[in-house]
1. Would you calculate a helix-derived [θ] at 222 nm for the chain, using -39,500 (n - 2.57) for each DSSP H run of n ≥ 4 and dividing by the full residue count, to the nearest 500?
2. Between Phe30, Ile54, Phe41, whose Cα lies farthest towards the positive end of the dipole of the stretch 18-69 when Lys and Arg beta carbons carry +1 and Asp and Glu beta carbons carry -1, centred on the Cα centre?
3. Can you give the net charge of the other residues whose Cβ lies under 13 Å from the Cβ of Val48, counting K and R as +1 and D and E as -1?
4. Specify whether the C-alpha gyration tensor of the stretch 22-69 places it in the rounded, prolate or oblate class, a ≥ b ≥ c being the square roots of the eigenvalues: rounded for a/c under 1.5, otherwise prolate if a/b is larger than b/c and oblate if not.
5. With a sphere of radius 12 Å drawn around the Cβ of Arg68, what net charge do the other residues whose Cβ falls strictly inside it have (Lys, Arg +1; Asp, Glu -1)?
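Only the coordinates and a few stated rules stand behind these numbers; no lab work does. Note that this is a predicted model, so its numbers are computed, not measured. Methodologically, a virtual Cβ is constructed for each residue, glycine included, from the backbone with ideal geometry; neighbour enumeration extends over all protein chains shown.
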Amino acid sequence: MSKLTKEQEFIIFCMEAYRKKYKLSGQNIFEIFQKFDIFLFLEKGYDVLHTQSIEYIVSEIHELIKNRK
């Protein structure tokens, strides 16, 4: 089994935080993140985002989803 990259671990962490805040299932989060390119946003923004609070990151994700609807 291969090890996850730090970016992959960060994405999972963000998915779980978003799931808890909005009380959604893991499947729902995966579909939302995929539909609105949140995975790419988190991967490309990792260097800056991982230094921010989880509250800030979840808020940024939520705003991005709202703006892309």
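1. Numbers: 5 runs with 53 residues, N = 69.
Here the helix-only value at 222 nm equals -23000 deg cm²/dmol.
2. It is Phe30.
3. Working: positive: Lys44; negative: Glu7, Glu43, Asp47, Glu60.
Result for the local shell: -3.
4. Working: a/c = 1.63, a/b = 1.43, b/c = 1.14.
Judged from the Cα gyration tensor, the stretch 22-69 comes out prolate (a/c at least 1.5, a/b above b/c).
5. Numbers: positive: Lys35, Lys66, Lys69; negative: Asp37, Glu63.
Summing Lys/Arg as +1 and Asp/Glu as -1 gives +1.
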